[in-house]
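K.L.:
One structure, as structure tokens, below. Some questions next.
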Amino acid sequence: MKLLWFVGLLVFFWLGALSNGLKGSATSRPPFVNIGAIFTINSTIGRAAKIAIETAVEDVNADPRILGGTELKVRMQDSNCSGFLGIVEAFQFMETDILAIVGPQSSVIAHVISHVANELKVPLVSFAATDPTLSSLQYPFFVRTTHSDLFQMGAIAEIVEYFRWRQVITIFIDDDYGRNGIAALGDKLAERRCKISYKAPIRPGSGLSKSEVTDVLIQVALMESRVIVLHANPDSGLQVLSVAHYLGMIGNGYVWIATDWLSSILDSWDPLSEETMQTMQGVLTLRMHTADSERKRALVSRWSKLTSERKATSSGLNSFGLYAYDTIWIIAHAIDNFFKSGGTVSFSNDSRLHDSQGGTLNLEAMSIFDGGDHLLNYIHQTNLTGVTGLLHFEPGGVLSHPAYDIMNVAGTGYRRIGYWCNYSGLSVMPPETLYEKPPNRSSANQQLLNVIWPGETTKIPRGWVFPNNGKELRIGIPKRVSYREFVSQVPGTDIVKGFCIDVFTAAINLLPYAVPYRFIPFGNGQENPDFSELVRQITTDNLDAVVGDIAIVTNRTKIVDFTQPFIESGLVIVAPVRKLNSSAWAFLQPFTVEMWCVTAVFFLVIGAVVWILEHRMNDDFRGPPKKQFVTILW
């Protein structure tokens, strides 16, 4: 009995020690954790992001409700828009027990570093890399805490459809960010039966010369479409607009739609110089929509003080800065949940990184984050409210409720003309209001405020002109000597006039796209040409079409298609006219005398048959012969 009591006490103390040990391991946290940040500090986006990240880290460490006393430390590296430097800095981070990396800002660098993140299982959380292809299954450790360009291009496609344009020209940076963004735009336009008619790439990197931009824009000016989508980075985008303004391409008839790089400049540098503002008058641009909230207003009110304390060169807070601030909070909450679930910070060496040749790259210093998969899972489970609004990831790692503000540059600033959200399309109402209603993407529900277009006009541009280098249609006309009112050529000139020509040009002007053409006379001018031979020129590819008073006959309809006839043939039917006098006996005229006689005989025969059948049984058919005859007639 004593032995049983002794064993029970041992089991009791063992279970208690085990539970205390588990509890201690679940609640033990390191005094600090390290995260890295890679972006271009000296850039429009980077300057705002640096202040936002530093502020967010301070706010996280000042909040006792998160991380349980563990200090969050961030180490920043300047990639200077270089893919090579981005790789080197990512390798350096992997030597210092980094749990996650914020950034990079550039989509090009994100493509490269994502392979490193996949190998070492360190989440790469970017607030500015918007290339749609980064969301593929190839990069499981890449997390985008902003909206993909796939949605921005969907918004641009709906704007194009809203104003009833059918073709656009794209000017873009020729790198992963530019090419993949324009590819997404092409897909979105194709869904609406629109297309990109011409793609004009520009060289990435610094040092883009004015002559290079001029050569690109001259080719654009020769094209038919006047709707231009500019997808670039801030520096190259401003240079394109400046050269376009110099060439007179930001004026009447042109439409310029800039992606969110322009709104970032407008928000960061307020106000811009008058000279810079003149280069972008009438331009439309998009800005990632962030819901108005108390947290956002609080950060905006602090921003002036934060920039002055850090002696920042730009004073504005753009949308990328807001998303950078929220990115730190997303990582902090994920690390907190990671520790609450019993996770520990540990790293292990990758045997594949051993340098057998005795090199000096020190690859062995890089290690794999053992808890990387769990931390990534907690990042994807984020569900909180930040300064940008609701922070929640849909299946596939996409932030919920993508939306954009549509801005119109005019005067010394810009104004919002509407919103676009993936829920209900274009609207003048904020997306937060629309989320409370059933989705409605009908064309009648799509609305935008009036736009001040380039050239300071409110009239919607047609969106195209006759191209200077387009293939002209060869339109044959009969060079006739009679009935010149239909088709005729003014002697000594190339001017063609006539009723048929007026109908043709009126039909051309009704088309929603440009159709260049030229008239080619057919005939010697001494006699009317053979119209069948003129029609046959279409089948031999000497002409594309024929305009004139050409009769539609059987043998011609077998080889070409005719329009509906719009000229009367002039054929009439001639018939003699005889005047007839009408009288009371006019009813006798339809039948001849013989017909009337036959009718009278049948009348009497039928009466006799009736008398024969009724005489024996009907008293009305009896009596004197006169009475019986009258009854037969009656």
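K.L.:
Quick check on region 381-398: of everything there that is open to solvent by less than 20 Å² (accessible area, probe 1.4 Å) and part of a strand (DSSP E or B), which residue is nearest to Leu137 (Cα to Cα)?
P.N.:
Ranking the qualifying residues of region 381-398, first place goes to Phe393.
K.L.:
Sort out which residues of region 36-75 are among the hydrophobic types (A, V, I, L, M, F, W, C), out of contact with any Phe, Trp or Tyr (no Cβ under 9 Å at 6 or more places or on another chain) and either open to solvent by 20 Å² or more (accessible area, probe 1.4 Å) or over 25 Å from Ser308 (Cβ atoms) (or both), and write them in order of number.
P.N.:
Ile41, Ala62, Val74
K.L.:
Residues to consider are Thr554, Thr599; find the one that is closer than 30 Å to Cys500 by Cα and modelled with pLDDT of 80 or more.
P.N.:
Thr554
K.L.:
Suppose we keep only residues that are of a type in the set (Lys, Arg) and surrounded by 13 or more Cβ atoms within 10 Å (Cβ to Cβ) within region 466-483. Which one would you say is modelled with the lowest pLDDT?
P.N.:
In this case the residue turns out to be Arg480.
K.L.:
Mind checking whether some residue in region 99-106 is assigned to a loop (DSSP other than H, G, I, E, B), closer than 20 Å to Leu375 by Cα and in contact with a His (Cβ under 9 Å, 6 or more places away or on another chain)?
P.N.:
no
K.L.:
What residue, of Asn349, Asn377, Asn362, is at pLDDT 95 or above and more than 26 Å from Glu58 (Cβ to Cβ)?
P.N.:
So the residue among Asn349, Asn377, Asn362 that is at pLDDT 95 or above and more than 26 Å from Glu58 (Cβ to Cβ) is Asn377.
K.L.:
Here's another thing I want to ask about it. Exactly one of (1) in a loop (DSSP other than H, G, I, E, B); (2) crowded, with 18+ Cβ neighbours inside 10 Å; (3) more than 20 Å from the chain's Cα centre (by Cα) is unmet by Gly455. Its number?
P.N.:
It is condition (2) that Gly455 fails.
K.L.:
Out of all the residues in region 529-551, which are farther than 17 Å from Leu473 by Cα and surrounded by 14 or more Cβ atoms within 10 Å (Cβ to Cβ)?
P.N.:
Listed by number, the residues that qualify are Pro529, Phe531, Asp549, Ile550.
K.L.:
Also, I was wondering about something else. Just to check your reading of the model, which residue among Thr146, Thr96 is out of contact with any Leu (no Cβ under 6 Å at 6 or more places or on another chain), open to solvent by less than 10 Å² (accessible area, probe 1.4 Å) and not in a helix (DSSP H, G or I)?
P.N.:
None of the others qualify; the one that does is Thr146.
K.L.:
Filter region 573-596 for residues that are open to solvent by 100 Å² or more (accessible area, probe 1.4 Å) and not in a loop (DSSP other than H, G, I, E, B); which is modelled with the highest pLDDT?
P.N.:
Among those that are open to solvent by 100 Å² or more (accessible area, probe 1.4 Å) and not in a loop (DSSP other than H, G, I, E, B), it is Glu594.
K.L.:
What's the number of the only condition in (1) surrounded by 13 or more Cβ atoms within 10 Å (Cβ to Cβ); (2) under 30 Å from Arg193 (Cα atoms) that Asp561 fails to meet?
P.N.:
Asp561 satisfies all of (1) surrounded by 13 or more Cβ atoms within 10 Å (Cβ to Cβ); (2) under 30 Å from Arg193 (Cα atoms) except (1).
K.L.:
Please note which helices (runs of 4 or more DSSP H) are completely contained in region 155-268 and include at least 1 residues that are of a type in the set (Lys, Arg).
P.N.:
Here the list reads 176-190, 210-221.
K.L.:
Only one residue in Ile169, Ile196, Ile182, Ile173 is of a type in the set (A, V, I, L, M), more than 30 Å from Phe393 (Cα to Cα) and open to solvent by less than 10 Å² (accessible area, probe 1.4 Å), so which one is that?
P.N.:
Ile169
K.L.:
For the structure I just gave you, tell me whether Ala410 is in contact with a helix residue (DSSP H, G or I) (Cβ under 7 Å, 6 or more places away or on another chain), among the aliphatic types (A, V, I, L, M) and open to solvent by less than 60 Å² (accessible area, probe 1.4 Å).
P.N.:
No.
K.L.:
Take region 484-513 and flag every residue that is touching a residue at least 40 places away in the same chain (Cβ under 8 Å), within 19 Å of Asp544 (Cα to Cα) and either of a type in the set (Val, Ile, Thr) or surrounded by fewer than 18 Cβ atoms within 10 Å (Cβ to Cβ) (or both).
P.N.:
Of everything in region 484-513, those that are touching a residue at least 40 places away in the same chain (Cβ under 8 Å), within 19 Å of Asp544 (Cα to Cα) and either of a type in the set (Val, Ile, Thr) or surrounded by fewer than 18 Cβ atoms within 10 Å (Cβ to Cβ) (or both) turn out to be Val487, Ile501, Val503, Tyr513.
K.L.:
If a residue must be open to solvent by 20 Å² or more (accessible area, probe 1.4 Å) and either small (Gly, Ala, Ser) or over 21 Å from Glu119 (Cα atoms) (or both), how many such residues does region 76-93 contain?
P.N.:
Summing the residues that are open to solvent by 20 Å² or more (accessible area, probe 1.4 Å) and either small (Gly, Ala, Ser) or over 21 Å from Glu119 (Cα atoms) (or both) in region 76-93 gives 6.
K.L.:
How many of the residues making up region 73-99 are touching a Ser or Thr at 6+ places or on another chain (Cβ under 9 Å) and among the aromatic types (Phe, Trp, Tyr)?
P.N.:
0
K.L.:
For region 598-607, state whether one or more residues are open to solvent by 100 Å² or more (accessible area, probe 1.4 Å), outside any helix (DSSP H, G or I), over 30 Å from Asp530 (Cα atoms) and without any contact (Cβ under 8 Å) to a residue 12 or more places away in the chain.
P.N.:
no
K.L.:
Only residues that are surrounded by fewer than 22 Cβ atoms within 10 Å (Cβ to Cβ) and either modelled with pLDDT under 90 or polar (S, T, N, Q) (or both): list them for region 121-143, please.
P.N.:
Thr133, Ser135, Ser136, Gln138
K.L.:
Yes or no: Gly463 crowded, with 19+ Cβ neighbours inside 10 Å and over 26 Å from Gln537 (Cα atoms)?
P.N.:
The answer is yes for Gly463.
K.L.:
Further, regarding this structure: Would you mind stating whether Ala190 is surrounded by fewer than 22 Cβ atoms within 10 Å (Cβ to Cβ) and without any contact (Cβ under 8 Å) to a residue 40 or more places away in the chain?
P.N.:
It is true that Ala190 is surrounded by fewer than 22 Cβ atoms within 10 Å (Cβ to Cβ) and without any contact (Cβ under 8 Å) to a residue 40 or more places away in the chain.
K.L.:
Can you tell which of Tyr423, Tyr404 is part of a loop (DSSP other than H, G, I, E, B), at pLDDT 90 or above and surrounded by 14 or more Cβ atoms within 10 Å (Cβ to Cβ)?
P.N.:
Tyr423
K.L.:
Give Ile113, Ile109, Ile159, Ile101 a once-over and let me know the one that is open to solvent by less than 30 Å² (accessible area, probe 1.4 Å), over 14 Å from Ile35 (Cβ atoms), at pLDDT 90 or above and hydrophobic (A, V, I, L, M, F, W, C).
P.N.:
Unique residue meeting the criteria: Ile159.
The values are calculated or read from the model by the stated rules, or taken from the named source; none is laboratory data. What you see is a predicted model, and the numbers here were worked out from it, not measured in a lab. All Cβ positions, glycine included, derive from the backbone under ideal geometry; neighbour counts span all protein chains shown. In case anyone asks, the SASA skips ligands and DNA or RNA and just uses the protein heavy atoms, side chains included. Shrake-Rupley method; radii C 1.70, N 1.55, O 1.52, S 1.80 Å.
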